[in-house]
Every structure is written in structure tokens, then in C-alpha cells.
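> Dropping a structure here in C-alpha cells format, bear with me for questions.
The values are calculated or read from the model by the stated rules, or taken from the named source; none is laboratory data. The structure displayed is predicted, hence computed values, not measured ones. As a convention, Cβ positions derive from the backbone with ideal geometry for all residues, glycine included, and neighbour counts pool all protein chains shown. Side chains included, ligands, DNA and RNA excluded: accessible areas come from the protein's heavy atoms. Shrake-Rupley method; radii C 1.70, N 1.55, O 1.52, S 1.80 Å.
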Amino acid sequence: MPDGLGQRLVGARVTSLRRRAKYGLIDIDRGDTLIFHLGMSGRWRVDPTEIEKHDHVLIETDDGHRMALNDPRRFGSLDLVPTDELDHWPQFAALGPEPLAITGRELRDRLAGRSAPIKALLLDQRVIAGLGNIYVCEALHRAHIHPTRAGGSISLARLDRLAEAIRGVLAEAIAAGGSTLRDFASPDGELGYFSKTFAVYDREGLACSCGGKVKRIVQGGRSTFFCPSCQR
Ligand SMILES: [Zn+2]
């Protein structure tokens, strides 16, 4: 928790809300930005009736709303940094482009010469920012790319399809209500339902839409789900 956080925020006016990678950004009119990360299970509780044990931060607005940053497990993170120094904030300095706007050419530039598996490279925040394991598996399947293929060996035409698949998978997940964790809840308490629409993730041994069978392997300590029949 940054020093004097309360003091530095009291009376400040919020000028914008943004996101970078997996961080939420709250800009205030004193030239500072509050950066928060929800970790695995954190969430903002809007207008809670009572303060709970795991509410780490409570923000009250002039018009009477309250927002509590709650995390019963492990606290994500919170920092307050000068807005014009955000690009140099350690976790942001080396970040790759945002996945919602990624292009095949950007992927090619960042994968050039890399012999590591495409699966591992897509999880590297320096290649592409904020893309999680589930979406990497789903996007590779949609683009028909085998997860062990060397990143630098994939043609631009296939990277164009991969970029399109990444954007598509994320857009559908957001439209379906967001996240994928079983205990995910949006601020209004609704659960995310994208999990019902996975093509390969968590479907080991089940049928792929092509008629093949979904396999699970472990890469870099993380599960990879893919279809050896339609991913090459
Ligand atoms: Zn398949």
C-alpha cells in the first residue's frame, strides 16, 4: 500500500477510468493515477451495505457512493504513481501491445527469431499484454495453430488469423459476461458464463468440432488444451 494513500486521494477528482494489461487505472486531477490489480479473486463491491473483513480499501464519492476493493484470498496490488510516469512504472515498462487491438504484423515483429513455443510466447506479457491461459488456448485453436510450434516459424498469413482469433475470443468473452473463473463475479454479483463456450479449454478427452479429440499437455507449468487433428 503506497504511503499516505488516503491523504493523497481525499478531495481528489476522478478524471478518467482506464485499463492497461490486467491493471485498472483511476486518473485523478492531482496528476496521479491509482493503479489496481484484482489478483485472482478480487473485485470492487459497489455500495456495500456493510464493510467486510476483506475490504482492503474503501472509496467514497461526493454523491454518496461507496466502492470497496475486496479480496478474500490474496490481495492483488495497489499503487499510486504520477500519471506522466505510467509508461515507466516497472510492470508497464516492458509490456507488449493490448490484445484487443493486436495485428498480425505486431505479432510477427515480436515473435521474429523466437524459437520458444507459440503458446509460451503468447503468455509472455512482453509479447502481448494481459492475455491469459484460457484465451491463449482458445485463440490458438481457432487459428488452427499447434501450441508447440516455434513462434518465429509462423507465417504472416497465419499470424493475421491468430490476431483475428485473439480479438474475436476476447470480444466474445466480454460480451458473454467477462471472466472464466468459477468464483468470478462482476460488481453486480452476476457470474461470468464464457466458460460454457470453450472449444478446447478444460475439455481433455472430449470431441473437437472437427471430430478430433482434445488433448492436454503441460507447457511452462501451465495446462495447454488443443486438438492435434486441426491444429498444425
Ligand atoms: Zn479439432
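> Provide the per residue accessible area, probe 1.4 Å, for the chain, rounded to a whole number of square angstrom.
With the other protein chains kept in place, the chain gives 55 Å² per residue.
> Tell me the accessible surface of residue 41 in square angstrom (1.4 angstrom probe, heavy atoms of protein chains only), to the nearest ten.
20
> Okay, next question. Using only protein heavy atoms and a 1.4 Å probe, report how much of residue 215 is accessible, in Å² to the nearest 10.
Accessible area, nearest 10 Å²: 100 Å².
> If you don't mind, another one. Report the residue, chosen from 83, 33, 49, that carries the largest GNM mean-square fluctuation when the chain is represented by alpha-carbon nodes joined by springs under 10 Å.
Fluctuation is largest for 49.
> With an 8 Å cut-off on Cα pairs and a minimum separation of 6 or more residues, tell me the relative contact order of segment 1-92 in percent.
Rounded, it is 28 percent for segment 1-92.
> Still on this structure: 222 nm [θ] for the chain, helices only, -39500 (n - 2.57) per DSSP H run of 4+, per residue, to 500?
Computed mean residue ellipticity for the chain: -6500 deg cm²/dmol.
> Are there cysteines in the chain with no other Cys C-beta under 4.7 Å, and if so, which?
137
> Now for a separate question. Explain nothing, just the number: relative contact order of segment 41-179, from Cα pairs under 8 Å at least 6 residues apart, as a whole percent.
Once normalised by length, the contact order is 21 percent.
> Out of all DSSP beta bridges with both ends in the chain, state the antiparallel percent to the nearest 5.
Percent antiparallel among DSSP bridges in the chain is about 100.
> Now for a different question. Counting pairs of alpha carbon atoms under 8 Å apart in space and at least six apart in sequence, what relative contact order in percent does the chain give?
Working: 409 pairs, mean separation 35.6, N = 232.
For the chain, the relative contact order is 15 percent.
> Still on this structure: Treat each spin label as a single point 7 Å out from the Cα along the C-beta direction, and report the residue 216 to residue 21 distance in nm.
2.8
> How large a share of the accessible area of the chain, in percent, is made up of carbon and sulfur atoms when the probe is 1.4 Å and the other protein chains stay in place?
Carbon with sulfur: 51 percent of the solvent-accessible area.
> Report ³J(HN,Hα) in whole Hz for each residue of segment 20-26, in order, from the Karplus equation J = 6.51 cos²θ - 1.76 cosθ + 1.60 where θ = phi - 60°; Gly and Pro get x.
9, 6, 9, 10, x, 10, 10
> What whole-number distance in Å separates the alpha-carbon centres of segment 87-128 and segment 1-57?
When both Cα centres are located, 27 Å separates them.
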